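Q: Right, I'll just put the structure down here and ask away after.
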Amino acid sequence: MARHWLVRLDIAGRSFRWSDTPVEPVDEDGRAVPHLGGLPELRAPSDYDPFEQSPRVSSVSVEVVWPPDDPLADIIAAGHRFTGAYAEVALWEDGTPYGARELVVAGTADQPEYGTAHQPVAFTVKGVPWED
């Protein structure tokens, strides 16, 4: 079965989702969770170990093709904060539930770089430090 990188960003009360190819994992309630394509090849970070009990890394830099009909610049101009928005990078295997995706890093978005509506958006997903 194929594995896919998934990226999620929650901003302005919405979730934006990308994958290396368009996919629609199904959640536990049977609803599709569509992910746009537009995610260039990601490589696992050097500190990622998929065999750990809970694989976590400190951060992953990503670049995505933002939906041109809803430019990020417009969302930010409307007063929504990008830095600090929830974001995650995960691996998902075809045929498994969305909830079974393997989180590589989950936390907040940081260091956005964006331009016009048809230019890629780059940002870093920073993990939330573990608490005792």
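The values are calculated or read from the model by the stated rules, or taken from the named source; none is laboratory data. The model shown is predicted, which means the values in this text are computed figures rather than measured ones. Because the Cβ atoms are built from the backbone with ideal geometry, glycine has one as well, and the counts that use them run over all protein chains shown. Accessible surface areas use protein heavy atoms only, side chains included; no ligands, DNA or RNA. Shrake-Rupley method; radii C 1.70, N 1.55, O 1.52, S 1.80 Å.
Q: Within the chain, which is the longest segment that contains none of the GluC sites (Glu not before Pro) sitting in a DSSP loop with at most 12 other Cβ atoms within 10 Å? Write down the numbers at each step before the final one.
A: Numbers: sites that count: E28, E41, E52, E131.
That would be 53-130.
Q: Could I ask something else about it? Please report, for the Cα atoms of the range 1-40, the Rg to one decimal and the Dmax as a whole number; what are they, in angstrom?
A: 10.6, 34
Q: Rg and Dmax in Å for the chain, alpha carbons only: what are they?
A: So, for the chain, Rg and Dmax equal 14.6, 43 Å respectively.
Q: Does anything in the range 82-109 have its amide N under 20 Å from the 7 Å Cα→Cβ label point of A32, and if so which residues?
A: 92-101
Q: Enumerate by residue number the trypsin sites (Lys or Arg not before Pro) in the range 74-132 meeting two conditions: DSSP loop (anything except H, G, I, E, B), and at most 15 other Cβ atoms within 10 Å of the site's Cβ.
A: Details: sites: R81, R101, K126; in loops: R81, R101.
Taking the range 74-132 and a limit of 15 other Cβ atoms within 10 Å, the loop trypsin sites (Lys or Arg not before Pro) found are R81.
Q: Go through the range 114-124 residue by residue and turn each phi into a ³J(HN,Hα) via Karplus (6.51, -1.76, 1.60, θ = phi - 60°); whole Hz please, and just put x for glycine and proline.
A: For the range 114-124, the Karplus-derived couplings read 8, x, 6, 4, 9, 9, x, 10, 10, 7, 10 Hz, x marking Gly and Pro.
Q: Could you state the number of Å between the C-alpha centres of the range 62-126 and the range 5-43?
A: The range 5-43 and the range 62-126 have Cα centres separated by 9 Å.
Q: Continuing with the same structure: For the chain, report the accessible area per residue in Å² (1.4 Å probe, heavy atoms, rounded to an integer).
A: With all protein chains present, the chain gives 57 Å² per residue.
Q: Loop only by DSSP, 13 or fewer other Cβ within 10 Å of the Cβ. Give me the trypsin sites (Lys or Arg not before Pro) in the range 1-32 that pass, ordered by residue number.
A: Filter output for the range 1-32: R31.
Q: Go through the range 58-132 and name the chymotrypsin sites (Phe, Trp or Tyr not before Pro) that are in a DSSP coil and have 15 or fewer other Cβ atoms within 10 Å of their Cβ.
A: On the way: sites: F82, Y86, W92, Y98, Y114, F123, W130; in loops: F82, Y114, W130.
Those that pass, being in a loop and sparsely packed, are W130.
Q: I've got another one for you. In deg cm²/dmol and to the nearest 500, what is the mean residue ellipticity at 222 nm of the chain if only DSSP H runs of at least 4 residues count, each as -39500 (n - 2.57), divided by the residue total?
A: -1000 deg cm²/dmol
Q: Same structure, new question: For the chain, what % of the accessible area comes from carbon and sulfur atoms, probe 1.4 Å? Don't jump to the answer; show the numbers that get you there.
A: On the way: 3730 of 7490 Å².
Carbon-and-sulfur percentage of accessible area, whole number: 50.
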